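The values are calculated or read from the model by the stated rules, or taken from the named source; none is laboratory data. The structure presented is a predicted model; accordingly, all values stated were derived computationally and were not measured. Backbone-built Cβ (ideal geometry, glycine too); neighbour counts: all protein chains shown. In case anyone asks, the SASA skips ligands and DNA or RNA and just uses the protein heavy atoms, side chains included. Shrake-Rupley method; radii C 1.70, N 1.55, O 1.52, S 1.80 Å.
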Amino acid sequence: MQNGVVIVQGDKIVDLGSNLPIPSDAKVIDLGDATLSPGFMDAHTHLTLDFSGNYNERRLKELDQNVSEHAIKATTWARDTVEAGFTTVRDLGSRFVGSREFVDVALRNSINKGVIVGPRMLVATFGIGATGGHFDPTAGFRAGLFGREPDYSEGMADGPDAIRKAVRFEIKNGADVIKAAVSGGVLSLADEVDTPQLTPAEMAALVDETHRLRKKVAVHCHGDQAGREAIEAGVDSIEHGSFLKPETLTLMKNKGTYLTPTLLATEWILGKIDNYPPALQAKARAAGAARTEMFRNAVKMGIKISFGTDAAVFPHGQNAKEFKLMVDLGIAPIDALKAATSSDADLFGIAQKVGTLEKGKLADIVAMPGDPTADITATERVSFVMKEGKIIRNGPPSPKTAVRSTDEPTDSAFAD
Ligand SMILES: [Zn+2]
């Protein structure tokens, strides 16, 4: 639409159109030659975590620092994310070894109450996984170091009944969405990247219990076998999907399962490969090599694609770099933009409130220079962000503080 005007009253869009007459009592924000879009969404963040620096150093810091210190840092990452134009995120897991704190729930609630500035969050709490699997916080450490094996109260569950207990426990404590690891992962020390980690019976229990409680299921999955079994069990989205074969993608298409490709996370790890122990380097290279063909196939087959990045693997606030990676692998720019707006809203189950610029919807609006369908990197230069009718940013972002990224190397493991 050319010469677009959006009229906002309170927290909602009350009218919009081309060259619309402006009400006489309105405050006018003229954004010039900018493109307005619904606020971006990211279907896969970890706003309470930061894995972007040296892997072993991060692992040591996690033990060294109180969870409350991590939580305070998370408030800056929430701000970085919303200032980059991401007004809604699905935050897929928050866990600190040896801790049962629900930091993501606290962050979401503090944002909702206006205590701090950040995106609307749908949170997953710990995420559910098998003993020794990708989510086991004690895997890779000496046995017994933390005094006990983690259980359902930290998301560890073996067997269908334990899975149901873990789902109920997480929803009891504030989870909006359930996350589970059905296959191995890249940044874990005790598993292979593509092994199946939940049985079909466990996945059936996971999906049944979660859907009964009217929540959705997102599964971390790189491997093809685990992917096939999870799609058959009825999960709502596959996160990563690196090794999915065309037959599995066909099954996904038939079931209407979303794929959240998280291209940026792999890209970041491969670009900083020396930051990771050799075993993880090999896993990242294998996943990176497989995912290109998988994503191209998924686009060609018309599978539902949600925009999600795995923010935390790279510094928070850089989420929009995912757009160009998607476009470079064959998705049309307009479809990448839809993935980050209306498709994510559909996957999150909030499409009646957000995801498009439409009368009656919440006023989540971003502006970027020029035309993002001609140059998708315009999404990386957002200059204006409104969330629920409140201006978060109009012009340059807030100055960065030292804790906002571990991108810069530090001298010792205890330096911050
Ligand atoms: Zn993740």
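The Cβ shell under 11 Å around PRO137 holds other residues with a net charge of -1, Lys and Arg each +1, Asp and Glu each -1. Share of carbon and sulfur in the accessible area of the stretch 73-200 stands at 50%, probe radius 1.4 Å. Anything in the chain that counts as a DSSP H helix reaching 27 Å or more along its axis (C-alpha) with Kyte-Doolittle mean of at least -1.0? List them, would you? Membrane-span-like by this criterion, though nothing is claimed about a membrane: 278-301.
Could you order the peptides 26-34, 8-16 from most to least packed, using the average number of other C-beta atoms within 10 Å per residue? Don't skip to the answer; put the middle values down first.
Numbers: 26-34: 10.2, 8-16: 15.4.
Descending mean neighbour count gives 8-16, 26-34.
Quick check on the chain: helices-only [θ] at 222 nm, where DSSP H runs of length 4 and up contribute -39,500 (n - 2.57) each and the sum goes over total residues. Nearest 500, please. It would help to have the intermediate numbers written out before the result.
Values: 12 runs with 135 residues, N = 416.
The per-residue figure over the chain is -10000 deg cm²/dmol.
Basic side chains Lys and Arg get +1 at the Cβ, acidic Asp and Glu get -1 at the Cβ, and with that the dipole of the stretch 99-242 about its Cα centre reaches some 800 debye. Pairs exceeding 30 Å between alpha-carbon atoms, taken from LYS27/LYS361; LYS61/LYS283; LYS253/LYS387; LYS245/LYS272; LYS113/LYS272: LYS253/LYS387; LYS113/LYS272.
Tell me the net charge near ASN112. Cut-off is 11 Å between Cβ atoms, ASN112 excluded, with +1 for each Lys or Arg and -1 for each Asp or Glu. With Lys, Arg at +1 and Asp, Glu at -1, the neighbours total +2. Normalised by the number of residues in the chain, the average gap of Cα pairs under 8 Å and 6 or more apart makes the relative contact order 21 percent. Peptides 340-347, 143-150, 375-382 ranked from most to least packed, by the mean per-residue count of other Cβ atoms within 10 Å: 340-347, 375-382, 143-150.
Take the Cβ-Cβ distance between GLN9 and ASN112 as r, set R0 to 22 Å, and report the resulting FRET efficiency rounded to the nearest 0.05. Efficiency for this residue pair is about 0.55.
Straight-distance candidates among the lysines for linking to LYS165, with alpha-carbon spacing under 19 Å and chain neighbours fewer than 8 residues away dropped: LYS179, LYS215, LYS216.
Between ASN19, ASN275, ASN297, which gets the highest mean-square fluctuation from a Gaussian network model of the chain, Cα cutoff 10 Å? Looking only at ASN19, ASN275, ASN297, the biggest GNM fluctuation is shown by ASN19.
Computed from label points 7 Å out along Cα-Cβ, the spacing between LEU145 and LEU63 is 0.4 nm.
Relative protection proxy for 259-265, 361-367, from highest mean packing down: 259-265, 361-367 (other beta-carbon atoms within 10 angstrom).
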